[in-house]
Amino acid sequence: MSDQPGRIPEYRGVDATTFRNEIVPRYRPAVLRGLIEQWPAVQHARTSLQSIGRYLSEFDNGAAVDLIIMPPQVHGRLFYSDDMRGFNFSRSKASIGEVSDKLLRYAKFENRPSLAVQSAPIAGCLPGFANKNRLPILDESVPPRIWLGNVVTTPAHFDESNNVACVVSGTRRFTLFPPEQIANLYIGPLGHAPTGTPISLVSLAEPDFQRFPRFREALASALVAELEPGDAIYIPTLWWHHVQSLAKYNVLVNYWWKGHVGAAEGADTALNCLLHCLLTLKHLPPEHRRVWKTIFDHYVFGASAESVEHIPPHVRGVLGEISPELAKQVKAFLVSQLQR
């Protein structure tokens, strides 16, 4: 079994129609070479670090964004503290311009802290940037976010949204694992992770195969791509992705959406459902869990129009079309049940 990952399929000249009709329905990652090479931001990044730094500062409105700071000895790997009760970084606040200036100063030194602005909404901190740097394959209702930092590694994790991530400055290496590799990635705690969702505890750079022997199987299914300024990658929802920012000054702009292409990311999370199932179903006898699996398959995972056609439409409730008002009522009911 090879420990070397495969390559992510690559496309050039992708337009909105190709993306929506050919790439997204495959539910496979895709590298979109040169997708944003005409962005002014990319042109500045290709000129020099100072040029892209000045360009970002032109849009900076001084709004404070979340900043992660890691000491030099952790080598930029976003992770837990040694006892896993905390994390190996501290949090602060700064404007995009302030972070950019720090990165340019730190670039002169080898033994430097790692800084990372992660997922800051561009509308709130760089107004006007999105109007000058547009992504034509997605609807403009999908808001862009900026990731700014130096050498940082984010362990394998998943997002509940589809993702197009665009490299503006620096180099990024993406290593992706299919969703079914979850058992081989040795995922950490659900409610306590350095990222928004749970992460793999395995170091991709130095995997401990004695402690994590099944990780070899995950590597056999891994796909990797290295992106330069102007390139983008499509990561389907729930695909595990390990991301390395390799340069002294890295800028990435990403777009998250759920459901059909162009639907902006919602606030609901299926992880809440998973947590509730762990509370209510995990302790049941195996024969009972099997029955609940059948019920979930019927109503959720294998649901079809035929499964409810025997019920008049006006009394189908949550088994039919769920209106915003009905969704609000169901959420209120669930809140009242959880508070009992």
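Once the stretch 82-97 is narrowed to residues that are assigned to a loop (DSSP other than H, G, I, E, B) and at pLDDT 95 or above, the residue that is surrounded by the fewest Cβ atoms within 10 Å (Cβ to Cβ) is ASN88.
Number of residues in the stretch 49-81 that are hydroxyl-bearing (Ser, Thr, Tyr), farther than 25 Å from HIS192 by Cβ and surrounded by fewer than 19 Cβ atoms within 10 Å (Cβ to Cβ) equals 2.
When the residues of the stretch 203-224 are filtered to those that are in contact with a Leu (Cβ under 8 Å, 6 or more places away or on another chain) and touching a residue at least 60 places away in the same chain (Cβ under 8 Å), the one that is surrounded by the fewest Cβ atoms within 10 Å (Cβ to Cβ) is VAL224. Scanning the stretch 122-141 turns up no residue that is part of a strand (DSSP E or B) and either in contact (Cβ under 8 Å) with a residue 60 or more places away in the chain or buried (at least 21 other Cβ atoms within 10 Å of the Cβ) (or both). Within the set ILE36, ILE68, ILE96, ILE23, the sole residue that is over 20 Å from TRP147 (Cα atoms) and assigned by TED's automatic domain parsing to the domain that holds ALA218 turns out to be ILE23. Within the stretch 76-122, the set of residues being hydroxyl-bearing (Ser, Thr, Tyr) and touching a helix residue (DSSP H, G or I) at 6+ places or on another chain (Cβ under 9 Å) comprises SER95, SER100, SER114.
Residues in the stretch 41-58 that are part of a helix (DSSP H, G or I) and either more than 25 Å from the chain's Cα centre (by Cα) or among the hydroxyl-bearing types (Ser, Thr, Tyr) (or both): GLN43, HIS44, ARG46, THR47, LEU49, GLN50, SER51, ARG54, TYR55, SER57, GLU58.
For LYS102, the requirement of being of a type outside the set (A, V, I, L, M, F, W, C) and not in a helix (DSSP H, G or I) is not met.
Among the residues of the stretch 323-340, are any more than 30 Å from the chain's Cα centre (by Cα), under 25 Å from GLY191 (Cβ atoms), surrounded by 12 or more Cβ atoms within 10 Å (Cβ to Cβ) and charged (D, E, K, R)? So far as the stretch 323-340 goes, no, none of its residues is more than 30 Å from the chain's Cα centre (by Cα), under 25 Å from GLY191 (Cβ atoms), surrounded by 12 or more Cβ atoms within 10 Å (Cβ to Cβ) and charged (D, E, K, R).
The values are calculated or read from the model by the stated rules, or taken from the named source; none is laboratory data. Quick caveat, the model's predicted, so the values are computed rather than measured. Here Cβ is always computed from backbone atoms with ideal geometry, including for glycine, and neighbour counts include all displayed protein chains.
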